[in-house]
Amino acid sequence: MRRVSRSTWDSLTVPRRCVCGNPIRLNDLLSSSFSTSSSSSSSSSSSQSASLASPTRPSSIPTIRPLSKPRAIRPFSTTSSLAVVPKLLPTQSAKLAALHGRLGLPNKYPLTTLGRALIDPTAEPGHHLNNDGLSNVGNVLLGYYTSEYLMVHYPRLPYEILKAAMDGYIGGKALAAVGKEWGVEAAFAPGETVDPGLLQFNRVAPGTPLYKIQGGVGFNIPRKRNRMVPNFENNPSVDAALLAESPEMREARESQRPGQDATTLDLAMSNFVRATVAGVYLHSGGLPFTKQFVHAHILSRKLDIDKLFQFEQPTRELSRLCVREGFQQPIARLEKETGRYSRHPVFIVGVYSGEEKLGEGQGSSLPEAKIKAAISALKGWYLYSPVSGADLPSKTDGNPTMPFAPAVIDVGDIVS
C-alpha cells in the first residue's frame, strides 16, 4: 500500500463551505459517523480510540478524535422516510452550476437555494427542505409585476381578459414551458442519490384523474354561459349542486378529493420557476433586480392578447360603448366588394361613428363583415395603449424620489 504524504493529507482537510456557511473538514465527516453509532458501539469505539491514542501509536498517522458534543445536523439531513435530500452537495453538482450560469444569476445567489428550489413538496414534506415557501413568495412577486405591466400598458382590458392574459404569462403551463426552456431536467423518482441539479417530485400514476392531483382542479360545476362557477364550498350554486347529488355520486366525489402526494411535471416545474424568482428577491438585492429578472425571462415572451377576446354580441356592445362615451351611434358602411354573384364573394365593411372610422372587417357576406368590423372596433378600444408609455409603479422601488408619470385608469368594462 502506498503511503499518503503529509502534503496530500493536509490538502484533504482544506475546509469546504456547506449550506449553512460552516466549513466541512474530513475529520468532522469521519467523526460524525462515529457519533451516529449506538451506545454500545460508542463505548467500544471510545476504548479503541483510547488505545489508538496510546504512545505506542506511530506519530506519522493522524488521530481521529470524536467530538466532545454531538455535531449539529447536516444542512441537507432529513428525518423523513423519503430521504430525497441528495448526498452530493449542491456545490459539487455540474448541472446546478450550469443552470446557475444559464439564468445569469449573480454570485450572491447560492447554489444551495437553487438546489432547494428543485425539491417539490410532494417529494419532501419538510417545509425547511422543499420549495413550498419559496414558490409562494415567487407567486406573489410574479403576480405583482405581471399585473402592473398589463394594467399600465393596456388600461382598458376587461377583467376576464386581464386574468386570461396573466394566466398566459404566469400560469402553470406558461411557467412550465419557461422551466423547460431553461434546460431543467426531471428525475425519474426522488431519492438521495439524485443529482441536486434535477427536479425531484412524485409522479402521478397513469390514469389518475386531475382532481386527485395536488395543485390540480377540484370538484367543478359545469359551465354556465361560458363561465366557470368558482370552486368554493360556501358558494350557493355549489351548495345547491352538492345537495342534488345522489349518494353514489357523493361517495365517489369525496373519495377523489385532491391532496394526494403526487403531481405532474408541469405543476412541479412551475413551482420551481416561482421558487427561483423568490430566490432572486431574497439574495440579489430585493425588488429592482427581481423586476429585471421577471421582465427578462417572463414578460419578454410574446402573448397575442387580441386572440383572447370572444364576443357574444359585438354590435350591441359597440353600441353601448358609444352611448357611454358620448359618441354618435355606429353605422356600418359597405366600402368595397367583389364577386357578389360568384361562389366566393368578399365584402369589406367599415363601422363609423360620425366621420370617424372605428373598425373594418371583411367576410363572405354582409352580416359577417359587419360583425367582424364591430369586433375590430371593440378590440381597438380595449387594446388601447398609451403612446408615450406610462411609468410602472415599481419604478420607485429602488429610489422613491424618482419622477413618476401616473398611468391611465379606465372607467371599467362595457356592460352589454
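The values are calculated or read from the model by the stated rules, or taken from the named source; none is laboratory data. Please read all numbers here as calculations on a predicted model, not as lab measurements. Every residue, glycine among them, receives a Cβ derived from its backbone with ideal geometry; neighbour counts consider all protein chains shown.
Can you find a residue that is within 18 Å of the chain's Cα centre (by Cα), among the basic types (Lys, Arg) and at pLDDT 95 or above anywhere in region 286-304? No, that holds for no residue.
Test LEU267 against the stated conditions and say whether it is in the same structural domain as ASN107 (by TED's automatic domain parsing), in contact (Cβ under 8 Å) with a residue 60 or more places away in the chain and part of a loop (DSSP other than H, G, I, E, B). Write out each step before concluding.
Details: in the same structural domain as ASN107 (by TED's automatic domain parsing): yes; in contact (Cβ under 8 Å) with a residue 60 or more places away in the chain: yes; part of a loop (DSSP other than H, G, I, E, B): no.
When the stated conditions are applied, LEU267 does not pass them.
Across region 384-410, the qualifying residues are those that are free of Cβ contacts under 8 Å to residues at least 40 places away in the same chain, β-branched (Val, Ile, Thr) and part of a loop (DSSP other than H, G, I, E, B), and the one among them that is farthest from MET151 (Cα to Cα) is THR401. Restricted to region 116-174, and to residues that are touching a residue at least 60 places away in the same chain (Cβ under 8 Å) and of a type in the set (Lys, Arg), which residue is nearest to VAL280 (Cα to Cα)? Among residues in region 116-174 that are touching a residue at least 60 places away in the same chain (Cβ under 8 Å) and of a type in the set (Lys, Arg), the one nearest to VAL280 (Cα to Cα) is ARG116.
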